[in-house]
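A.B. asks: Below is the structure I would like to discuss, written out as structure tokens.
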Amino acid sequence: MSLRAPPSSTSSSCSLFPLCPGLHSASRARLPLSVAFPTRIVRCSLLQDQVSVNGGAGSRVSDRNELRLGLPSKGRMADDTLDLLKDCQLSVRKVNPRQYVADIPQLSNLEVWFQRPKDIVRKLLSGDLDLGIVGLDIVSEYGQGSEDLILVHDSLNFGDCHLSIAIPKYGIFENINSMDELARMPQWTAEKPLRVATGFTYLGPKFMREKGLKHVVFSTADGALEAAPAMGIADAILDLVSSGTTLRENNLKEIEGGVVLESQAVLVASKKSLVHRKGLLDTTHEIIERLEAHLRAVGQFTVVANMRGNSPDEVAERVLSQPSLAGLQGPTVSPVFCKRDGEVVVDYYAIVICVPKKELYKSVQQLRAIGGSGVLVSPLTYIFDEETPRWQELLGKLGL
Ligand SMILES: Nc1ncnc2c1ncn2[C@@H]1O[C@H](COP(=O)(O)OP(=O)(O)OP(=O)(O)O)[C@@H](O)[C@H]1O
Ligand SMILES: O=P(O)(O)OC[C@H]1O[C@H](OP(=O)(O)OP(=O)(O)O)[C@H](O)[C@@H]1O
Ligand SMILES: [Mg+2]
């Protein structure tokens, strides 16, 4: 989708942003998707388009031999990304905090480059990075649907948030609670469109078009968007939400059907690099395996308990009769050998199962109910499966 304005709009008399009604209706009529943009924004969008279009179209697999992984250099994703890699035994070795290049000793021939998240996506498109860890929101906004970007792992379990429309709780919006109601408000006309403040100038117009809102104009800012309605600069905002506190504190509300995207951290790759760059597929395979093994284990405990019984089968049956005790592939049941009156006997069996952390207490109760005792609980570090489903998916996406 293009946000380009017709040539005449760039010569519009409008000069004040964002309180700019200056786009002529004739120009507006020629705008794609009936989304009008004040002059300043149009220029800004053009620049953004040029950056990613040049990057995407001109992308090449350069001559370098090293593989490159882009990680967020700052902000809320930076520390969590390094922590995740560390938990996968892929600690990043940074010589000094102001240096933007680092390495991961376990992955030879891989350079780590610290970049702003949006630059990671741009550099994947331009062929200057091969892999990156960023939020899905940033991939979607700056990747603009490029087929060269492949999601290698779509849920890294941090950076959870959603991109959502929010409107004031008060005034003309008091009884508006859904996108349909917002779209049907008589206030929005070609002369007086709904004004939305957002940093997401690609996803925003696309979403509004899909929702059938015709008269919308976008303005952009780098932060504190929640202030825009109270300042009279915008009617609505489109921004990231996680706890919802910022919206609440600014008297704004989300509305039904107003979520553009659910986001969390993802591992994204350049398809061209994966296909053509020597060694990248192997390294990616190793990273996927480590990520999956860690992320699967993170939500589980190992539970060991002793249980009185006559045979392993009978104990297994009792365990499997309880819904929370099935484990990953059923329980391991082993005899516990004791010496009684000089003889080695088996009165107890040890069972080992994996239990989802959320169900720990329920599982302990169920174990006790079937005669379990001496329950030991310990954290799980990795679960390596025979097959990594995401690896097969990746090969499928690459047609390999
Ligand atoms: N509440 C949230 N607000 C914003 N981003 C969030 C939130 N929760 C998770 N994220 C994720 O973190 C990323 C934003 O990280 P960061 O704070 O570094 O960016 P930023 O605030 O846009 O930085 P800056 O404002 O300095 O450009 C988002 O792209 C998103 O994936
Ligand atoms: O739902 P919440 O938990 O309140 O989080 C949402 C807020 O966090 C982000 O801003 P950030 O803190 O990154 O500040 P910024 O606007 O300066 O980027 C986002 O842009 C929202 O304003
Ligand atoms: Mg921010």
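A.B. asks: What residues qualify as long-range amide H neighbours of LYS211, i.e. H under 5 Å apart, gap of 5 or more or another chain, H built at 1.01 Å from N?
C.D. replies: none
A.B. asks: On alpha carbon coordinates alone, what is the Rg over Rh value for the stretch 85-214, Rh being the Kirkwood radius?
C.D. replies: 1.12
A.B. asks: If you don't mind, there's one more thing I want to ask. With +1 assigned to the C-beta of every Lys and Arg and -1 to the C-beta of every Asp and Glu, and no other charges, what is the dipole magnitude of the stretch 162-254 about the Cα centre in debye, to the nearest 20?
C.D. replies: Dipole of the stretch 162-254, to the nearest 20 debye: 240 debye.
A.B. asks: What's the ranking of 265-271, 317-323 by average number of surrounding C-beta atoms within 10 Å, highest first?
C.D. replies: Highest to lowest by the protection proxy: 265-271, 317-323.
A.B. asks: Short version: ³J(HN,Hα) in whole Hz for each residue of the stretch 89-106, in order, from phi by Karplus 6.51 cos²θ - 1.76 cosθ + 1.60 (θ = phi - 60°), x for Gly and Pro, what are they?
C.D. replies: 6, 10, 4, 8, 9, 10, 5, 9, x, 8, 8, 9, 10, 8, 9, 10, x, 6
A.B. asks: Could you check the spin-label model distance between ASN109 and THR189? Points 7 Å from the Cα along Cα→Cβ, value in nm.
C.D. replies: Inter-label distance under the simple model: 6.6 nm.
A.B. asks: Next up: For LEU376, LEU240, give the ranking by accessible area with the largest first, probe 1.4 Å.
C.D. replies: Order by accessible area, largest first: LEU376, LEU240.
A.B. asks: Which percent of Cα-Cα pairs in the stretch 261-357 sits in each 5 Å bin, short to long?
C.D. replies: 2, 11, 14, 13, 10, 10, 9, 8, 7, 6, 5, 3, 1, 1, 0
A.B. asks: Applying the Karplus parametrisation 6.51 cos²θ - 1.76 cosθ + 1.60 with θ = phi - 60° to the phi angles of the stretch 201-214, what ³J(HN,Hα) value in whole Hz is obtained for each residue in order, glycine and proline being reported as x?
C.D. replies: Karplus-based 3J(HN,Hα) across the stretch 201-214 equals 7, 9, 5, x, x, 4, 5, 4, 4, 4, 7, x, 7, 8 Hz.
A.B. asks: Starting from the Cα gyration tensor of the stretch 345-400, take the square roots of the eigenvalues, sort them a ≥ b ≥ c, and report rounded, prolate or oblate (rounded when a/c is under 1.5, otherwise prolate if a/b is larger than b/c, else oblate).
C.D. replies: In terms of gyration-tensor shape, prolate.
A.B. asks: Hey, can you grab everything whose amide H is under 5 Å from the amide H of SER219? Only 5+ residues off in sequence or another chain; H modelled, so Pro and N-termini drop out.
C.D. replies: The answer is VAL196, ALA197, THR198.
A.B. asks: Enumerate the calculated ³J(HN,Hα) couplings along the stretch 156-171 in order (Karplus 6.51 cos²θ - 1.76 cosθ + 1.60, θ = phi - 60°), each rounded to whole Hz, writing x wherever the residue is Gly or Pro.
C.D. replies: Values per residue, Gly and Pro as x: 8, 6, 8, x, 5, 6, 9, 9, 9, 6, 9, 10, x, 7, 10, x Hz.
A.B. asks: Still on this structure: Could you look at the stretch 221-319 and say what percent of its accessible area is carbon and sulfur, using a 1.4 Å probe and all protein chains?
C.D. replies: Using a 1.4 Å probe with all protein chains present, the stretch 221-319 comes out at 47 percent carbon and sulfur.
A.B. asks: Return the equivalent ellipsoid semi-axes of the stretch 69-112 as a descending list in whole Å, where each equals the square root of 5 times an eigenvalue of the C-alpha gyration tensor.
C.D. replies: 16, 13, 8
A.B. asks: At 7 Å along Cα-to-Cβ for each site, give me the label-to-label distance between ARG308 and ALA224 in nm.
C.D. replies: 7.0 nm
A.B. asks: Okay, moving on. What FRET efficiency comes out for ASP282 versus PHE384 if R0 is 25 angstrom and r is the Cβ-Cβ distance? Round to the nearest 0.05.
C.D. replies: Working: r = 17 Å, r/R0 = 0.68.
Here the calculated transfer efficiency is 0.90.
A.B. asks: Enumerate the amide H contacts of LEU261 below 5 Å, restricted to partners 5 or more residues apart or on another chain; note that Pro and chain-start residues carry no placed amide H.
C.D. replies: LEU163
A.B. asks: Once the Cβ-Cβ distance between GLU147 and VAL259 is put in as r, and R0 is 35 Å, what FRET efficiency do you end up with, to the nearest 0.05?
C.D. replies: E(calc), rounded to 0.05, equals 0.90.
A.B. asks: Report the Rg/Rh value for the stretch 63-158, based on alpha-carbon coordinates and the Kirkwood definition of Rh. Before the final figure, lay out the partial values.
C.D. replies: Details: Rg = 12.8 Å, Rh = 13.7 Å.
Rg divided by Rh gives 0.94.
A.B. asks: If we sort 388-398, 348-358 on the protection proxy, mean other Cβ atoms within 10 Å, highest first, what's the order?
C.D. replies: Ranking, from highest mean packing down: 348-358, 388-398.
The values are calculated or read from the model by the stated rules, or taken from the named source; none is laboratory data. As the structure is a prediction and not an experimental result, all values here were calculated from the model. Glycine also receives a Cβ, built like all others from the backbone with ideal geometry; neighbour counts cover every protein chain displayed. To get the accessible areas, we keep the full protein, side chains included, count just its heavy atoms, and leave off ligands, DNA and RNA. Shrake-Rupley method; radii C 1.70, N 1.55, O 1.52, S 1.80 Å.
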